[in-house]
Protein chains: 2
Amino acid sequence: MIRKARLYTPGPTPLLPAAQFAMAAADIHHRTPEFRAIFQKVLAQLKVFIGTKNDVLLLSSSGTGAMEASLANLTSPGDKVLVLTAGKFGERWTGLAKAFNLEPEVLSFPYGETFDLAQVKAALKPEHKAILLQATETSTAVRHDVEAIAKLRDEVAPKTLLVVDGITGLGTTHFDVDGWGIDVIIGGSQKAVMIPPGLAYLSVSERAWAAMETAKNPRYYFDLRKERKSAAKGETAYTPAVALIAGLGAALDYIAGQAGGDLERGRIALIDNAQVNAEATRAGLVALGFALFAPTAPAAAVTAVKVPEGMDSGDVVKALKTRFSIVPANGQGEMKGKIFRLAHLGFFDYLDTIALLGAMEHVAKETLGLPVQWGQAVAAAQEVFAKTASRV
Amino acid sequence: MIRKARLYTPGPTPLLPAAQFAMAAADIHHRTPEFRAIFQKVLAQLKVFIGTKNDVLLLSSSGTGAMEASLANLTSPGDKVLVLTAGKFGERWTGLAKAFNLEPEVLSFPYGETFDLAQVKAALKPEHKAILLQATETSTAVRHDVEAIAKLRDEVAPKTLLVVDGITGLGTTHFDVDGWGIDVIIGGSQKAVMIPPGLAYLSVSERAWAAMETAKNPRYYFDLRKERKSAAKGETAYTPAVALIAGLGAALDYIAGQAGGDLERGRIALIDNAQVNAEATRAGLVALGFALFAPTAPAAAVTAVKVPEGMDSGDVVKALKTRFSIVPANGQGEMKGKIFRLAHLGFFDYLDTIALLGAMEHVAKETLGLPVQWGQAVAAAQEVFAKTASRV
C-alpha cells in the first residue's frame, strides 16, 4: 500500500511545495543585488507576519540561537531575570540564563499548566532585567497568556524587558507586539512558516536596542547590532542560509496569497486555520476517549494527548508511523511514554485533521484495544468544522 | 484557512515529490551517455511494470498518441477492426479507426456497463485485423474483462491482434500480458505512474511487430519500428521529453521501493492499493446514500458516482473545489452533470480516501442537503480498510 509521508510534528512541519521549489532555485550569491532584493522583501514581510513596526532580523540558526542572541545582547553577567516556565522550553531559558552568567529567578509551574498570574505578579520585581517566557510551551501544548504578562510587567516593573519565545506561538496566536510592548519575540523557520529548520527571526524594540548599548555579555555571531547595520544595506553580517531565505519569501507569499495578497489578513487566516484544526483535533480525540494533557489552556500550535494509564504513548507513535506513515511527536523528558503530540501549525488543512483522526481511530481500536465506533472522532471534528467554517 | 490542492482526477493524478525533484534535476542532453543510461533503465523498469517480456517503447505524446501509433503501425486502409466500446474512450478507438481509413465494426454497450461476452463472441470474426478496447473505461469507471476477451480471441479469431488501451488499467488491474497474448497495451504517464502528462508507453508483441511489416497506413513520428531501432541503442527516434523520462524513472524506483526494491511486487502492491482505496471509497459513498454509476464492474482506477435525480454533479465538483480545494472529475459528454468521478490510481493512500470522504460528507449535507450523520462515509471506509489492510 502507498503510505504518504505525513509529518504532524510541531517542527519540522510539512513543507510548502512552492517554498521547496524556491529553495531549489536559489542558486545565487549572497553579496549580490539579487540576494539583497530577496532579503529586504523577506524582512519587510516578516514585520507584517509578526505584526510589528520594530526592526526584524533573520539569523541563520535554529530558534534556540535567537533565544541565545536575545540574552547575549540584552544582558550583563549578574543581571537578574525572571524565567516563567512550565515545560522543557521554559527550562531552556533557565539553561541559557545560567550559561550567560545571569541570576535567573525561576517561577515553575507544573507541566500541562500555564502560569498563575498572582504568583507572577508577586515574583516580578523592577530589578529584573527581563522576563523570559514562551508564548506556547511546545513540550506540553500549553498556550501562555503573553498579554496578561505584558500588563503585569507594565504595572509592576515597567522597565523590565519582555522577551518572548514565539517559536510555535507566531502563526498560531494573535499578538499585538507593539501594543503590548513585547521587546523581543522569536520565531523559527520550521514552524508556522512552512520551511525546513535553519532560520530564526526576531523583532527587537527600541528599548531593547537601547539596552544593548550597556549589555556586557559576549556575542559575535549573534551580535544583533551588527545584523541591524547589515540589514539596513540588505545584507547579513555572516553568510546566510540563502535557500531557506528564498523559501521563506515564497512561504510568506503563499500566506499572503491565501488572503488575496494581503499578508496581514493571511497571517490572521493562518492563525484561525491552526485554531480551528486544533479545536477539531481536540474534539475528535476527546470523542475517542483520550484525555488532553493541557485541557485548561490548550495551544493551537500542537495538541498533547495522554494515553490511558498503563499504556505507552510510544505505541501510538509507532503505530501511526508504521501503519500510516504519520510522524507525531512523543512526549519529551519525563512526559515521554505518557503523552503524544500532534501539530496544527503551518501547512496543515482541515482534511489533514480528518485523515489524522481517521488513522487515530484505527490506532485506538486496533493497537490500544479501546472501544471505538468507526467515524466517532471524525464526526466530532466535522461538528467543529461545520460550526466554525463560516467564520474562517 | 489553508486548503491544500488535492487532485482526485483520473489523470492527471497527484505527483510524486521524488519524481518532481528528478524532473527538476533533469538538465541533460538526450544524445549523451547520461540520458541513454536513464532511458534504458526506464525501458527495463517499464517491462516489469507492464509485466511483459515484449518490447516496451516510450513515446513523447499523450496516451492517445500511442493509440494512434498502434493503429498507424498495425493496419492498412480498408482493414476491418472490432471496436468494443462502452464510453468516451471506446469511442476514441472508433474515431481513430475512421481517421486511418479502417472499417471499424463497433460493438457498443451502454455507459456504465461492460461488454456482453456472448455478443462479443458473436461479433468477432477472423477477418478482424484487431480488437480494440479499453481495460478500464475512464469515462464511466468500468473495468472490462481483458482476460475474457483474450480467450474469445484465441477461440474465435486467433490471428486477430488484441490492442488494449490500459491507460488507466495499468497499475490498477492485474494483467498477464504475455500469458493472455495482449499484442499491444498502452499506458500514460499522468496515471498510475504519478508524473505529469506527456509520455505514453506501450508493449508490442512479436506478432504485432510482424504485422507492421505489411501495414500500409502512414506513420512517421509514431513509427514504432524506428523507435524500436533507436531504443536498442538507448535512444529515441525524435527529441524525447527528457524530464518526464527522468521523473518516470524516479516514480518506478519509488514503486519498487515500496516493496523493498522489487518492482514486480511493488506493482502488485500499487494495484492492491488502488483496489482497496476504490473499495473503501465505494463503500463510503454508498453509505452516504449515493448510487454508483457502474456497480457491476467497477474499476479500481476511478469511481463514478451518480447525484440524486434533479441535482447537478457540477455542484458537487464546485463545492469540493471551493470548500476543500479537491479537484474531482465531472462526467464527460452526456454524463456531464449526472455523475462525478474520483480517482484512486497512482499516488493516493488510504488517508487520502478518508480525507475525501470526510469532505464528501460536508458536501452531501451542506451543499446537497442530504441527510448525513457525521462520520458515516468514513466509517464505511474504515470497515473496508480494517478487513483488507491485513492482506495489503
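Residue by residue, here is whether (1) free of Cβ contacts under 8 Å to residues at least 60 places away in the same chain; (2) closer than 21 Å to B:ARG143 by Cβ holds:
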{"position": "B:VAL302", "(1), (2)": "no, yes"}
{"position": "B:GLU309", "(1), (2)": "yes, no"}
{"position": "B:MET335", "(1), (2)": "no, yes"}
{"position": "B:LEU342", "(1), (2)": "no, yes"}
{"position": "B:GLY346", "(1), (2)": "no, yes"}
{"position": "B:LEU351", "(1), (2)": "yes, no"}
{"position": "B:ALA355", "(1), (2)": "no, no"}
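The number of residues in the stretch A:333-392 that are of a type in the set (Gly, Ala, Ser), more than 7 Å from chain B (Cβ to nearest Cβ), outside any loop (DSSP other than H, G, I, E, B) and more than 14 Å from A:GLU279 (Cα to Cα) comes to 3.
Please verify whether the stretch B:334-342 includes one or more residues that are crowded, with 21+ Cβ neighbours inside 10 Å and among the charged types (D, E, K, R). Steps first, please.
Step one: filter the stretch B:334-342 for residues crowded, with 21+ Cβ neighbours inside 10 Å, giving B:335, B:339-342.
After this cut, where a residue has to be among the charged types (D, E, K, R) as well, the list is B:341.
Checked against the condition, which is being crowded, with 21+ Cβ neighbours inside 10 Å and among the charged types (D, E, K, R), the stretch B:334-342 yields at least one hit.
Just need a number here: residues in the stretch A:150-188 that are among the hydrophobic types (A, V, I, L, M, F, W, C) and over 25 Å from A:ALA256 (Cα atoms).
Filtering the stretch A:150-188 down to residues among the hydrophobic types (A, V, I, L, M, F, W, C) leaves A:150, A:152, A:156-157, A:161-164, A:167, A:170, A:175, A:177, A:180, A:182, A:184-186.
Among the residues that remain, those that are also over 25 Å from A:ALA256 (Cα atoms) are: A:150, A:152, A:156-157, A:161-163.
Summing the residues that are among the hydrophobic types (A, V, I, L, M, F, W, C) and over 25 Å from A:ALA256 (Cα atoms) in the stretch A:150-188 gives 7.
B:GLY289: buried (at least 20 other Cβ atoms within 10 Å of the Cβ) and either modelled with pLDDT of 95 or more or in a strand (DSSP E or B) (or both), yes or no? Even if it seems obvious, please write down each step before you answer.
Numbers: buried (at least 20 other Cβ atoms within 10 Å of the Cβ): no; either modelled with pLDDT of 95 or more or in a strand (DSSP E or B) (or both): yes.
So B:GLY289 fails the test.
Against the criterion of being in the same structural domain as A:LEU58 (by TED's automatic domain parsing) and not in a loop (DSSP other than H, G, I, E, B), A:GLY234 does not qualify. Look at (1) touching a residue at least 60 places away in the same chain (Cβ under 8 Å); (2) at positive phi and you find that A:VAL42 fails only one, number (2). Of the strands (runs of 3 or more DSSP E) entirely within the stretch A:1-110, those holding at least 2 residues that are closer than 18 Å to A:GLY198 by Cβ and either of a type in the set (Phe, Trp, Tyr) or not assigned by TED's automatic domain parsing to the domain that holds A:LEU342 (or both) occupy A:55-59. The residue of the stretch A:298-324 that is nearest to the other protein chains (Cβ to nearest Cβ), among those that are of a type in the set (Gly, Ala, Ser) and surrounded by fewer than 18 Cβ atoms within 10 Å (Cβ to Cβ), is A:GLY314. Scanning the stretch A:1-36 for residues that are touching a residue at least 60 places away in the same chain (Cβ under 8 Å), within 10 Å of chain B (Cβ to nearest Cβ) and under 30 Å from B:ASP272 (Cα atoms) yields A:ARG3, A:LYS4, A:ALA5, A:ARG6, A:PRO14, A:LEU15, A:LEU16.
Only one of A:VAL384, A:VAL372 is out of contact with any Ser or Thr (no Cβ under 8 Å at 6 or more places or on another chain), surrounded by fewer than 24 Cβ atoms within 10 Å (Cβ to Cβ) and under 24 Å from A:GLU137 (Cβ atoms). Can you tell me which? That would be A:VAL384, the only listed residue that is out of contact with any Ser or Thr (no Cβ under 8 Å at 6 or more places or on another chain), surrounded by fewer than 24 Cβ atoms within 10 Å (Cβ to Cβ) and under 24 Å from A:GLU137 (Cβ atoms).
For B:VAL317, state whether it is modelled with pLDDT of 95 or more, part of a strand (DSSP E or B) and under 22 Å from the mean Cα position of the chain (by Cα). Answer is no for this residue. Here A:ILE195 meets each of (1) surrounded by fewer than 21 Cβ atoms within 10 Å (Cβ to Cβ); (2) under 23 Å from A:ALA25 (Cα atoms) with one exception, condition (1).
The values are calculated or read from the model by the stated rules, or taken from the named source; none is laboratory data. Keep in mind that this is a model prediction, so the values were computed, not measured. No Cβ is skipped: glycine too gets one built from the backbone with ideal geometry, and neighbour counts run over all protein chains shown.
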